[in-house]
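What follows is a set of notes on a single structure, which appears directly below.
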Amino acid sequence: MSCPICKKDSLQKYQPFCSKHCADVDLGKWLNGSYAVASEPEDSSEEAELEAALRAETRH
């Protein structure tokens, strides 16, 4: 298996990376938002209903 960051052979100790450096680079990408998990957009009708319910509660 090759390191997903630098493409060198990975080492057992740092799998799937080749070194602590590449593991840290990957972690940094997750922490700064370079990687993202796709999600489905929220249903706008549900959101509108929730907002209306919240407005109704604040009037009482």
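Screening V25 on (1) on the phi < 0 side of the Ramachandran plot; (2) modelled with pLDDT of 85 or more; (3) under 21 Å from the mean Cα position of the chain (by Cα); (4) not in a helix (DSSP H, G or I) shows it passes everything except condition (4). Among the criteria (1) in a loop (DSSP other than H, G, I, E, B); (2) exposed (fewer than 10 other Cβ atoms within 10 Å of the Cβ), the one I5 does not fulfil is (2). Look at the stretch 34-46: where a residue is within 18 Å of I5 (Cα to Cα) and part of a loop (DSSP other than H, G, I, E, B) and a partner is modelled with pLDDT of 75 or more and of a type in the set (D, E, K, R), sitting 6+ places away or on another chain with Cβ atoms under 7 Å, you get Y35/K29.
The values are calculated or read from the model by the stated rules, or taken from the named source; none is laboratory data. Note that the structure is a prediction, hence the values are computed from the model and not measured. Cβ atoms come from the backbone with ideal geometry, glycine included; neighbour counts cover every protein chain shown.
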